[in-house]
Amino acid sequence: AFRVLAPVLPHLNLLWELVLTAEPLVVMAMSPTTAANTVQTLISLITPLKFSGDYRPFFTIHDSEFKEYTTRTSAPPNVILGVTNPFFAKTLQHWPHIIRIGDNT
């Protein structure tokens, strides 16, 4: 399960801190499986503690919170999003923490 974090292994301490403090984080990946597995694995980094934010292993433009999460008028919410659509590279570029897995973004 932790193999999905291999591309970001040098940043594992930072990622642990971001998850622990429920910082807004976007995981941009090549496939829905990779995005979802990465989000789930990040959440598991702080086990046995409970993640205090929200997380969406696979977030799309059709999700009801799409407009809320992509607006620049307010700070991003405490959520971890897994995405694959290249459209998010532009609409979520204002988010403070972005992980890119693969080379599509």
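Of note:
- Per-peptide average of other Cβ atoms within 10 Å, ordering 38-45, 94-101, 13-20, 66-73 highest first: 38-45, 94-101, 13-20, 66-73
- Atom-type composition of the exposed protein surface of the stretch 1-63 places 61 percent of the accessible area on carbon and sulfur (1.4 angstrom probe).
- Rounded if a/c under 1.5, otherwise prolate or oblate - the chain, Cα gyration tensor axes: oblate
- For ILE99, distant residues with modelled amide H under 5 Å away: VAL26, VAL27, MET28
- The chain - percent relative contact order, Cα under 8 Å, separation 6 or more: 40 percent
- Averaged per residue, the chain has 57 square angstrom of accessible surface, using a 1.4 angstrom probe with ligands and nucleic acids left out.
The values are calculated or read from the model by the stated rules, or taken from the named source; none is laboratory data. Small disclaimer: the values here were computed from a predicted structure and weren't measured. Cβ: placed from backbone, ideal geometry, glycine included. Neighbour counts: every protein chain shown. We work out accessible area using only protein heavy atoms, side chains counted, and drop any ligands, DNA or RNA first. Shrake-Rupley method; radii C 1.70, N 1.55, O 1.52, S 1.80 Å.
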